[in-house]
Amino acid sequence: MYLVNHPTNGVFPSKRDIPRLVGSEVSEKSLIALIDDDQSVLMSLKLLLELEGHQVIASTNINDLMILIQSYESIPSLIVADYRLEESENGINAVTKIRNYANQHIPALVITGGVSSALEKLAHLNGCHLMPKSVSPDSFLELVSALIDGNANSPLTLQVKTPDTVVSKH
């Protein structure tokens, strides 16, 4: 199961066709860099973030994402990256490349289909928050807001224990 349900016909509504979510407190100026090699997941996450008022730079590969980031006058407030990318790339390497380009620590959220203790350790060593793809959109957006606002102090992992338990933060 993926984080967001998306249209099966491949047609995504434009941002202006969908009303902004009620109660959204996110500033329009929040810039998020997003990378996922699955085009449908990428577009679903991009739409979800845009509905919350974020400006999103999105790509299916790190080289194209770097070109897009370099074309902006500002540095992203947050990086959201799928862990498993095409070829020899992974989300943590993508985060490192973006941080090196920006010459600063940018909060990062790495999304994965499976959380292992080794991956959790690697993410935490690189100052990345880790989240399984099976987490709810509300939990995802809550963490995104906390990371942008600076309210998520140390790297954490959102985990889903079983289908009938709620998401917990560690």
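The values are calculated or read from the model by the stated rules, or taken from the named source; none is laboratory data. No experiment lies behind these values; they were computed from the predicted model shown. Positions of Cβ are generated from backbone atoms using ideal geometry, with glycine treated the same way; all protein chains shown enter the neighbour counts. Heavy atoms of the whole protein, side chains included, go into the accessibility calculation; ligands, DNA and RNA do not. Shrake-Rupley method; radii C 1.70, N 1.55, O 1.52, S 1.80 Å.
Assorted remarks:
- Förster radius 25 Å - calculated FRET efficiency between R84 and N126, Cβ distance, rounded to 0.05: 0.95
- Accessible area of Y72 in the full protein assembly, 1.4 Å probe (Å², nearest 10): 80 Å²
- Extension gain, S134-N100: 0.36 nm per intervening residue step, less the Cα-Cα distance, totals 9.3 nm.
- At R0 = 45 Å, FRET efficiency that the Cβ-Cβ distance of S116 and Q55 yields, to 0.05: 0.85
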